[in-house]
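Please read the structure below before turning to the comments.
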Amino acid sequence: MIKLIKSAKVYSPTYEGIKDILICGDKIASIEEHIDVNITNVEVKIIDGKDKIVFPGFIDSHVHILGGGGEGSFKTRTPEIQLSTIVRAGVTSIVGCLGTDGVARSLKSLVAKAKALKEEGVSCYVYTGSYDIPLRTIYGEIKEDLMLIEEIIGVGEVAISDHRASAPTKYELAKIAAQARVGGMLAGKSGITNIHLGDSMNKLDMLFEIVKEFDIPIYQFLPTHINRNEYLFNDGIRYAKEGGLVDFTTSTIPLFLEEGEVKCSKALRIMLENGVNVENITFSSDGQGSLPIFDSEGNYEGVKVGDSTSLFEEVKDAILEENIPIETAIKVITSNPAKNLKLHNKGGLEAGMDADIVMVDKNTLEIDTVIAMGKIMMSNKEILVKGLFE
Ligand code: ZN
């Protein structure tokens, strides 16, 4: 079916003006000031874009699609993600990973869940590997996973600087990143290594050492949770100014913010004020991940679940509360993750790219319409496509 969005303010993510967008099948066919479709016997669905802003579909590069956690024993394992949660968040491309538990949750299940989400309509990718080293893989080698399994685009999340990490050495981590990089080259994928950072005072030390001592480009690492406390965040500014990528986690609870977590919208403003290039910054939700609460001795006290809808909420706050220009803020969940993850048809609005589109109200920035691979998943704030068991 052909769809035509009429007269919307288009951010590609650069501001393009008021435009019409023609969608044919799962691709954007054309973006022009005026598009008229004169065609008989074919249904053309017109979508009114007046008073709306159109963005590329959002990319969430760190989600526990299978559920995560378990830090407070088995009953605290968090549930799998459902399609409607992803759609409500405006996310059209999602990257799944295992978490703290790489025993009872497996990479095979992760790939199967990604395939299920793809069948349901969104684009889904996964990271091979695990929190712990030795890394879990499917074929026994990172390179093989990257080359032979379509959905696998990188490695992660591998934990460092955390009391839950497996105490990896820099040599072990460098080997992983090197294998992921070459596997990615051979498969035409990013081969990026997504690194979980905890609250340890070692912060980003290991990544600084690796990029200094080994021939691994700094952009092969995608360290996440950089905003989780002030000292890690400040180290993140230094790291990003040296060319490193930094990813902030949008899911949070009031307690974490009270304890010193830097709210993403504010974190973005501070990084920009410190001269960090916006291209080096991304947000991800850590959706369905556990947000475990530990006391000062590391004992478990309670758990909450990460929420994908926080992804755009933080971008919205960056625009509305921190006065960051729309076209700058929106990059952190569109073109920037697309570039880091080498998702060439994602993260932008251009003829020939995938028809992944989010339409929001011009003033409130509330999500109104979500189109994934040309299919309308949400319209007038109502979810039209749900998962099979929802
Ligand atoms: Zn993590």
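The values are calculated or read from the model by the stated rules, or taken from the named source; none is laboratory data. As the structure is a computational prediction, the values presented were derived from the model and not from experiment. Note that each Cβ is placed from the backbone with ideal geometry, even for glycine, and that neighbours are counted across all protein chains shown.
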Hey, could you check the stretch 363-385 for residues that are over 19 Å from G348 (Cα atoms) and touching a strand residue (DSSP E or B) at 6+ places or on another chain (Cβ under 9 Å) and say which is surrounded by the fewest Cβ atoms within 10 Å (Cβ to Cβ)?
-> N380
Determine whether the stretch 280-294 contains at least one residue that is surrounded by fewer than 18 Cβ atoms within 10 Å (Cβ to Cβ) and more than 16 Å from the ligand (Cβ to nearest atom).
-> no
Can you give me the number of residues within the stretch 275-293 that are without any contact (Cβ under 8 Å) to a residue 60 or more places away in the chain and out of contact with any Cys (no Cβ under 8 Å at 6 or more places or on another chain)?
-> 8
Does any residue in the stretch 212-232 that is under 15 Å from K170 (Cα atoms) and without any contact (Cβ under 8 Å) to a residue 40 or more places away in the chain come within less than 9 Å, Cβ to Cβ, of a residue that is within 16 Å of the ligand (Cβ to nearest atom) and of a type in the set (D, E, K, R) six or more places away or on a different chain, and which pairs are these?
-> P223/D247
Filter the stretch 153-181 for residues that are without any contact (Cβ under 8 Å) to a residue 12 or more places away in the chain and hydroxyl-bearing (S, T, Y); the one that is nearest to E230 (Cα to Cα) is T169
G184 vs. criteria more than 15 Å from the ligand (Cβ to nearest atom) and in contact (Cβ under 8 Å) with a residue 60 or more places away in the chain = yes
Could you grab me the full set of residues in the stretch 324-334 that are in contact with a helix residue (DSSP H, G or I) (Cβ under 8 Å, 6 or more places away or on another chain) and in contact (Cβ under 8 Å) with a residue 40 or more places away in the chain?
-> I324, I326, T328, A329, I330, K331, V332, I333
What number of residues within the stretch 187-209 satisfy the criterion of being of a type in the set (A, V, I, L, M, F, W, C) and either within 16 Å of the ligand (Cβ to nearest atom) or buried (at least 23 other Cβ atoms within 10 Å of the Cβ) (or both)?
-> 6
Are any of the residues in the stretch 258-274 within 14 Å of the ligand (Cβ to nearest atom) and either buried (at least 22 other Cβ atoms within 10 Å of the Cβ) or at pLDDT 95 or above (or both)?
-> yes
Being farther than 27 Å from I152 by Cβ and hydrophobic (A, V, I, L, M, F, W, C) is the filter; apply it to the stretch 210-247 and report the residue that is surrounded by the fewest Cβ atoms within 10 Å (Cβ to Cβ).
-> I237
What number of residues in the stretch 20-43 are within 27 Å of the chain's Cα centre (by Cα) and not hydroxyl-bearing (S, T, Y)?
-> 10
Note on the stretch 155-171: residues within 15 Å of the ligand (Cβ to nearest atom) and at positive phi are G156, S161
Within the bounds of the stretch 58-65, is there any residue that is part of a loop (DSSP other than H, G, I, E, B) and at positive phi?
-> no
Does T137 satisfy the criteria of being closer than 30 Å to D361 by Cα, buried (at least 16 other Cβ atoms within 10 Å of the Cβ), away from the ligand (no atom under 16 Å from the Cβ) and of a type in the set (S, T, N, Q)?
-> no
